[in-house]
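The values are calculated or read from the model by the stated rules, or taken from the named source; none is laboratory data. Note that the structure is predicted; figures quoted are calculated from it, not measured. For neighbour counting, all protein chains shown are included, and Cβ atoms are generated from backbone atoms with ideal geometry for every residue, glycine included.
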Amino acid sequence: MVLVWTVVGVLFTFVTGNPVWAGAFLAIGVALAESQRGETEPTTSTPAAPATAGEEPADDHELLALNHAAHQTDGVEPFNEATRLAVGAGDPLRVDRVLDGGVAAAVAVGDAPVELAVHPDHRRQGRGRALVSELLDAGEHRFWAHGDLPAAQALASSLGLEPVRTLLVLRREGGEPVVEQVPAGTTIRTFRPDDADAVVRVNGRAFAHHPEQGAMDRADFDRRAASDWFDPEGLFVAEDEQGQVVGFHWTKVEAPAWGEPPVGEVYVVGVDPDHHGGGLGTALTARGLRHLADSGVDVVDLYVEGDNGPALAVYRRLGFVERARDVLYARPSAS
């Protein structure tokens, strides 16, 4: 998943997948509700409360299997990419709850919000409500509702949670070819391995005020670059006249399900704040879209904050329309 962020004007600095670093972002997180089709980031680092009856520490295989089952039924993954990577790597979890051998779980990594899922075969039995209520009592107060399904909305409302943030999923299908207009004195080229530290540096400056994406370090970059979907030909960097990297656009294409067309992502677009206002973010986005089209990928998703008017205007001019949304719910006193 990808999250796309705009800091100044229409310049893009990421979010993702799903980028969030999401995507990619930021973040696709908590399924709050357990009825209908779905059960469902920043929070304080509240220590996890001791497990209660029926609970056990999270097991990576159980969590990933639960994520898959919920995704198959709901069409959205309850655990975002950052969480799945952390679980697969065995990283410590701040919130670590699994009920009844993996039929329900709530997890959170670091300071990220809680993410929760209930297996489709075990919904409408109160497990989701019990987990969210317990976590609220333990001091957790922010939860993602990926897809913002009606059942998630109802559960959030019944527990006194209010929407405090909206992440839009935009999609572009086909459309006219995109031609980038690169600012004078800037060159856009494909990524080289020795660019990694510069990309991390630009990302940190571009997302200095973004709680998820701004935390990416070299280890996070390397972990994503080691993913099966990583293609260095789909990661573009912008250089100024001194040869310094001042922006980048990381695209992503995962292997599609059998019989399905590939779907690309605007995984991360980041521009150094010193280069805002000249159209570099738009040019980088256009270069990535052209690369995806040339690769036979006609469907492209991205994530953008719902209140980011300048970015939304640019993406809509490029042919993106809203496909789905994720909503962060919180207690009013914590928002």
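Within segment 87-104, can you find the residues that are aliphatic (A, V, I, L, M) and modelled with pLDDT of 90 or more?
LEU93, VAL95, VAL103, ALA104
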For segment 263-294, the count of residues that are part of a helix (DSSP H, G or I), of a type outside the set (A, V, I, L, M, F, W, C) and in contact with a Phe, Trp or Tyr (Cβ under 9 Å, 6 or more places away or on another chain) equals 6
Filter result for VAL200 (farther than 19 Å from PRO113 by Cα and under 20 Å from the mean Cα position of the chain (by Cα)): yes
In segment 291-335, which residue that is surrounded by 16 or more Cβ atoms within 10 Å (Cβ to Cβ) and touching a His at 6+ places or on another chain (Cβ under 7 Å) is farthest from GLY147 (Cα to Cα)? ARG331
If a residue has to be within 18 Å of ARG323 (Cβ to Cβ), modelled with pLDDT of 85 or more and part of a helix (DSSP H, G or I) to count, how many in segment 70-86 make the cut? 2
Just to verify a result, which residue in segment 276-290, among those that are over 20 Å from the mean Cα position of the chain (by Cα) and crowded, with 20+ Cβ neighbours inside 10 Å, is nearest to PHE236 (Cα to Cα)? ARG287
